[in-house]
Structures are given as structure tokens and as C-alpha cells.
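Step one of this worksheet: look at the structure below.
The values are calculated or read from the model by the stated rules, or taken from the named source; none is laboratory data. Since we're looking at a predicted model, the values are computed, not measured. A quick note on method: Cβ atoms are made from the backbone with ideal geometry, for glycine too, and the neighbour counts reach across all protein chains shown. Note: areas computed on protein heavy atoms with side chains; ligands, DNA, RNA excluded. Shrake-Rupley method; radii C 1.70, N 1.55, O 1.52, S 1.80 Å.
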Amino acid sequence: MSRSDIDREACAWIAQLDGARPTTADIEAFREWVNRSPRHRAAIERLSELWGELNVLTELAVPQPRACQERWRPWPVLLVALASLAVVATALIPFFDKIQPAPPVLYATSVGEQRGVTLPDGSSVQLNTASQLRVAYSEKARELYLLEGEGYFEVAHDPGRPFIVWVDGRSVRAVGTAFSLRRDAGGLKLLVTEGIVELAEGSEQAKGRSSRGGRESVLGTVKQGQMVHLAEKLEAAESLSDGQMARELAWRQGMVSFAGEPLSLVIDEISRYTETRILIEDPALRNLRIGGYFRAGDTEAMLDTLSAGFPIEVERLDESTVLLRQRH
């Protein structure tokens, strides 16, 4: 729907609500229309501000808002509408005060599972294995809490409501962008694939007040193609090649990719997708460099590849534990 169409609907609502005190049915219908889209709310606010600036007594020659000309063509009707605008606004204040944010929703994946979620504003999230995400949208902000794991976020453009993902008191703020975010024992890893995001730090008490300003300490911004790690402090941003970016996001296609990482890191990553415990017996084996693509969660195929392509012997201690030792 075009902006002019939305403005005409907004004018129609003001015409309908003008004069007498709105009924409960009117308020409920108006509430549904306003919350159907951020563009609806923006139209109401924009037109209300315009009319609020008109002085009926001294500015009778001021032309009508173009979007409303069809409905407000006769000057007497315009005068009545302007004169009663304060009454209408007063009647609607309790209604706006009673708008409650949507109840928080928790999305989760089990070990080895991935899940795509479409959010109420049109943004989308893809959750990786063993992840938990709480979504708490409100009238002023789109706040999410990554409690565990990893997610890839594609953010719908809405400058009026910042999109904020909280992780352990730190926040990632974005408008119309895309990024991946991972929380683990090593801290936070942020990779931006589109646009720019702002990384900030705040207390637990700052949660839920981030859209009101002054509660967070900005740590820096991360641009498209950059990745940062944040543990005790923020590391310098690293610019990634297309190949590096593809390996970092291979999990979105159900794969994990390595390009010469130590076996210890490979096992840590593979273990995210399986309940099987994989132990390394020989300390020297931990530094063996591994490369290749593996299907996430296909532990048996990964172990077979390690045994066939590297000097690694695989011993199954029991149904849930595997030991890796160096083959002599």
C-alpha cells in the first residue's frame, strides 16, 4: 500500500473518531489498524503533528493537507475537525497508555537442530544448534535476548523502533541490516553481512530501557564484511574475505567448514551438533591441522573422515563417548 493510501486511511480514522467520544468497538478497531504496521502509526503521528501546528483562529488560509483533501474539502468540516482535535487526542491518550507490549516469546533449538523464525515486524532469525532466543517487542523497541547459542538476523527497516539483541548485558543495535551473533563460553562473536551495527555494553538493569537513551556505553561499530570477538574486552574488527565469510556461515546450509584449524577447535565445533563426547588422548594431536567440509550433526561421517584422511585412530569407549588417539 502506498503512502498516500495509508494517509487517506489515517484521515478516515480521524474523521470517524472526530466529534463524539469513541466507542469501545471504535477504539479496538483503531488499535488493530495502528498496530498492523509501523507505517500506520507513523501516518497518524505525522498528520496529527501537522494539524496540531495549525492555528484555527489566525491561520484560516492555510491549505489542507494534500492527503486529506478528498475527505476534508469543505472548510466548515476542517474547522470542526481542528477544533475538536484536542478532544479526540484526550480521548485516545488512555487508549495509547493501555497498549501493552506483546508477551515475550521463547524460541529454542535442541542439539543438532536448526530453525527459522519470522518475527512480527517481518525480520527473520535462523537459529543454530542448541540455541535459545527470547523476543520481547514493544511499542518503542524490538528487543531480543540471545540466551544460548547462535543466530543469523535479517532486520526489517524501521528507524522508529531500534532492533536490539542483548547478550549478557551487551547489546547489538541494528536498523535494516543482517548479521550473525554467537554466544559461548569464550564470549560473543559478531559477524556483519549487511549494513552497520553498533555494539554497546550496559548493566542488567539497562535491559528494556535501551530505547530511552543514556543507559549503555557504546563500544564501537561493526561494518559489512567485518567480524569481532568480545570477551573481557572488544578485539579489533577483522575484515573477512568472501571465502572466510562463507565458512563462518556454512552452518546456515547445515555444514561446518574448516581451513587448517587445530583438531581441538574442530572437535569443539563438531561437538556443538552432537550429544557424543569426543575426547583427544594425545596432547600433540590437539594441534593437528584439519581442513574440509562436514555435515553438521553427522558425527559418524566426520569420525570416518578423520580416521581415513589423518593419522587418527578412533576408539569407541561406549555408546556416547569416543576417544581419538594418534595412529603410529
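Filter segment 120-148 for residues that are assigned to a loop (DSSP other than H, G, I, E, B), open to solvent by 10 Å² or more (accessible area, probe 1.4 Å) and farther than 13 Å from residue 183 by Cα and give the result.
120, 121, 122, 138, 139, 140
Looking at 181, 190, 144, which one is among the hydrophobic types (A, V, I, L, M, F, W, C) and in contact (Cβ under 8 Å) with a residue 40 or more places away in the chain?
Going through 181, 190, 144 in turn, just one is among the hydrophobic types (A, V, I, L, M, F, W, C) and in contact (Cβ under 8 Å) with a residue 40 or more places away in the chain: 190.
Going by what's in this entry, would residue 202 be described as in contact with a helix residue (DSSP H, G or I) (Cβ under 8 Å, 6 or more places away or on another chain), more than 20 Å from residue 110 (Cβ to Cβ), open to solvent by less than 10 Å² (accessible area, probe 1.4 Å) and touching a residue at least 12 places away in the same chain (Cβ under 8 Å)?
no
For segment 251-260, which positions are surrounded by fewer than 17 Cβ atoms within 10 Å (Cβ to Cβ) and outside any loop (DSSP other than H, G, I, E, B)?
252, 253, 255, 259, 260
Hey, can you tell me all the residues within segment 232-270 that are in contact with a Lys or Arg (Cβ under 8 Å, 6 or more places away or on another chain), within 19 Å of residue 151 (Cα to Cα) and of a type outside the set (A, V, I, L, M, F, W, C)?
254, 257, listed by residue number.
Filter segment 149-197 for residues that are farther than 20 Å from residue 245 by Cα, of a type outside the set (A, V, I, L, M, F, W, C) and assigned to a strand (DSSP E or B) and give the result.
Of everything in segment 149-197, those that are farther than 20 Å from residue 245 by Cα, of a type outside the set (A, V, I, L, M, F, W, C) and assigned to a strand (DSSP E or B) turn out to be 170, 171, 173.
Going residue by residue through segment 164-177, is there one that turns out to be at positive phi and surrounded by 19 or more Cβ atoms within 10 Å (Cβ to Cβ)?
no
Scan segment 223-240 residue by residue and report those that are in a loop (DSSP other than H, G, I, E, B), under 14 Å from residue 194 (Cα atoms) and open to solvent by less than 90 Å² (accessible area, probe 1.4 Å).
225, 240
For segment 292-313: of the residues being in a strand (DSSP E or B) and open to solvent by 40 Å² or more (accessible area, probe 1.4 Å), which is nearest to residue 279 (Cα to Cα)?
Looking at residues that are in a strand (DSSP E or B) and open to solvent by 40 Å² or more (accessible area, probe 1.4 Å), I get 313.
Tell me the residue from 242, 282, 318 that is within 31 Å of the chain's Cα centre (by Cα) and of a type in the set (Asp, Glu), please.
Criteria check complete, one pass: 242.
Quick one: which residue in 154, 139 is touching a helix residue (DSSP H, G or I) at 6+ places or on another chain (Cβ under 9 Å) and of a type outside the set (Lys, Arg)?
Selected residue: 139, the only one of 154, 139 that is touching a helix residue (DSSP H, G or I) at 6+ places or on another chain (Cβ under 9 Å) and of a type outside the set (Lys, Arg).
Has segment 18-26 got any residue that is open to solvent by less than 30 Å² (accessible area, probe 1.4 Å), at pLDDT below 75, out of contact with any strand residue (DSSP E or B) (no Cβ under 9 Å at 6 or more places or on another chain) and assigned to a helix (DSSP H, G or I)?
no
What are the residues in segment 274-291 that are over 20 Å from residue 321 (Cβ atoms) and either among the acidic types (Asp, Glu) or open to solvent by 100 Å² or more (accessible area, probe 1.4 Å) (or both), if any?
Hits for segment 274-291 are 287, 289.
Only one of 228, 218, 266 is more than 21 Å from the chain's Cα centre (by Cα) and of a type in the set (A, V, I, L, M); which?
Selected residue: 266, the only one of 228, 218, 266 that is more than 21 Å from the chain's Cα centre (by Cα) and of a type in the set (A, V, I, L, M).
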